[in-house]
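The values are calculated or read from the model by the stated rules, or taken from the named source; none is laboratory data. It should be emphasised that the depicted structure is a prediction, and the values quoted were computed from it without experimental measurement. Quick reminder, even Gly has a Cβ in these numbers, built from the backbone with ideal geometry, and neighbours come from all protein chains shown. We work out accessible area using only protein heavy atoms, side chains counted, and drop any ligands, DNA or RNA first. Shrake-Rupley method; radii C 1.70, N 1.55, O 1.52, S 1.80 Å.
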Amino acid sequence: MNEDKPDIIDEPARTQPAFDTLGTPPKAPIRAREGDTIHPTHELIVGEGDVRTAERGEGEFIAGTSLWKDAWKRLLKNKLAVFGMIVVAIIILVSLIGPPIVKAATGYTYDYIPSENQKSYPPFTAPDGSFSWTHPMGTDNAGRDILARVLLGGRISLMVGIISTIVSLIIGVSYGATAGFLGGKVDDLMMRIVDVLYSLPYLIVVVVLLAFFGGQSALSQLFLLFVALGAVSWLTMARIVRGQVISLKNQEFVMAARATGVSNSKIIFRHLVPNTLGPVIVYATLTIPQVMLTEAFLSFLGFGVQAPLASWGSLANDGVQNIAIFPWQLIFPGVTMALALFSMNFLGDGLRDALDPQMRKV
Amino acid sequence: MFGFILRRLIVTIPMVIIVVSLTWGLIRLAPGNFYTGEKKIPPAIEKNLREKYGLDKPWYVQYGKMVWNIVRLDFGTSLKYEGQSVNSILARTLPVSATLGFLAYLLALFVGVTAGTIAALKQNSRLDYSSMALAMLGISLPNFVLGPILVLIFSLTLYWLPPTRWGGFPSLNLILPVITLSAVYMAYIARLTRSGMLEVLRADYIRTARAKGLSEKAVVLRHALRGGLMPVVSYTGPALAFLIAGTVVVERIFVYPGLGTYFLNACLNRDEPLIIGIVAFISISVLIFNLLVDIAYGFIDPRIRY
């Protein structure tokens, strides 16, 4: 990606020898490319990344390239990331507006069980075996429309993914920033704890938690999922934020804040944390599919989302029981979920390359 | 080195106790009890039950007994599988799960390292892109979707392989579960190997090895792999913790009488001694494996000294 490098403006100077054979001093390097208008005065230097606009001349503004604009451009160059972005957008949109549309078109909602014909029909099949648009994904054992349930599953899976990621974000960022900022023995201890937690089979404990406390009501089950999943997925976030904070905390702006008497917690959360936003966003987008996968794992085992609500994991769980006879019950939710995770991972990877080229794995 | 191992082992014991205490606390804080069911129990019988299982004693006595059980590695008797000690259940189920997990990790290592190395050597080629896209698919495809689909194809349509059930160690029954379990790790390992190898292949010592006229094969296999595999080695620890979760799912899909199946049943049955026993056993083995990984790290990378 050579095009991404800032243009080297003194290129001609390089090609010249440092000294002329006759001993005449070299020409001053040309500071601008051909065709540029050089304004002798009033010119503000456009820095990289932080200046959105700069004034030059009278009332005339030129746009600088911000970090975000740069990243956006880089992201658009990455075909797989764009593919991921489009698919994720479609999935979010469809799961938001899909259920009412399905209801309007076919009259089916996710929990509607018909009074007769309570059996599983293949996709595009009416009860009498003829072709029909009513159930594009078929029905489940109770005759519920699988399309409506997959859409609802999308809503719930996405919600669990996003909210649990926010929970993990809050824990991970505060923990990592505190450890990085305080440094020394405290940092050692805090990071040692993270190291140890990394290698613990915490999912097993989460299963115990959900098995013993879950199942009271659908809503409390969801809440439990948010907390449990958030509480176990903050470790990498803490490590990333700590690394960022350590590299930032000795810079002048922190010193300035300290000199003016800002408290430690304010320095951490008002000055340091906003500066770690890039990597945090990148990692958060990669956490969402992971959390969704964990949620699906728990729902698949029967400890996650409870009927009549559905998530992609619990739908897969229902489908797997009948895989031999009604394979569509598993294939539609399963493939939808795989597609969603696939695109989210690509989007996350693309964002990482775009926002933080240094983090890119070569 | 010896001091390091000793220190780590000393840390391991409180870690296990913490995990187990957390589990125990969760079980005890949950409403209800293992003997409460749909049928009402007469108070006299309830009193006898509580006495029999030591539930009438104060909580710290019960907790102390639980910890003591773990320290001497005797987890008591299961509540639901009557007359069977937790240890005998562990001894019976562990070989199943261990075989599954070990074979899956071996397969993942073999395929992942090969694919990752080839992708790194042919960076930006079509082969590289397709294998990395495939790896991404492996990461995104949940094993409970992959497993049933494999069963659908290879057992229920083509009739090549048995669909479920445990059939002993060298048996066709193992093929599908092992592939299902290893897919995710294969994908992760391929990605880690690729990025590790790309970094190493640019190092000076590889240039030196090439400059002194070594064959490409020797450069890659003898010199580059050793450095390039470091990320894979450090991934082994976390992978193991997830492997156990994966085993739970795969055992459920393929109806294996393994640790995971018994753990799920124990959770559903509120079989406290069995839950505690399995959690303790898993924590101990995970922590010991992590220690082994750290020791192996020292052998592979001579710059690391303990």
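For the range B:193-207, indicate whether the set of residues that are closer than 30 Å to B:Met15 by Cα, at the interface with chain A (Cβ under 8 Å from one of its Cβ atoms) and among the hydrophobic types (A, V, I, L, M, F, W, C) is non-empty. Can you show your working first?
Filtering the range B:193-207 for residues closer than 30 Å to B:Met15 by Cα gives none.
Taking every residue of the range B:193-207 in turn, none turns out to be closer than 30 Å to B:Met15 by Cα, at the interface with chain A (Cβ under 8 Å from one of its Cβ atoms) and among the hydrophobic types (A, V, I, L, M, F, W, C).
Screening A:Ala211 on (1) open to solvent by less than 10 Å² (accessible area, probe 1.4 Å); (2) of a type in the set (Gly, Ala, Ser); (3) within 10 Å of chain B (Cβ to nearest Cβ) shows it passes everything except condition (1). Of B:Val232, B:Val279, B:Val249, all but one fail to be at pLDDT below 85 and aliphatic (A, V, I, L, M); the exception is B:Val232.
Against the condition of a type in the set (A, V, I, L, M) and open to solvent by 40 Å² or more (accessible area, probe 1.4 Å), how does B:Ile206 come out, does it pass? Against the criterion (of a type in the set (A, V, I, L, M) and open to solvent by 40 Å² or more (accessible area, probe 1.4 Å)), B:Ile206 does not qualify.
Looking only at the range B:124-162, residues that are closer than 30 Å to B:Val200 by Cα and either open to solvent by 70 Å² or more (accessible area, probe 1.4 Å) or more than 8 Å from every other protein chain (Cβ to nearest Cβ) (or both) come to 13 in all.
Looking only at the range B:78-123, residues that are without any contact (Cβ under 8 Å) to a residue 40 or more places away in the chain and crowded, with 18+ Cβ neighbours inside 10 Å come to 1 in all. Being more than 13 Å from chain A (Cβ to nearest Cβ), within 27 Å of A:Val206 (Cβ to Cβ), within 28 Å of the chain's Cα centre (by Cα) and open to solvent by 100 Å² or more (accessible area, probe 1.4 Å) is a property that B:Trp59 lacks.
Looking only at helices (runs of 4 or more DSSP H) that lie completely in the range B:222-306, which have at least 1 residues being open to solvent by 40 Å² or more (accessible area, probe 1.4 Å), within 12 Å of chain A (Cβ to nearest Cβ) and of a type outside the set (D, E, K, R)? Working first, answer last.
Working: elements: B:225-228, B:230-253, B:259-269, B:272-300.
It comes to B:230-253, B:259-269, B:272-300.
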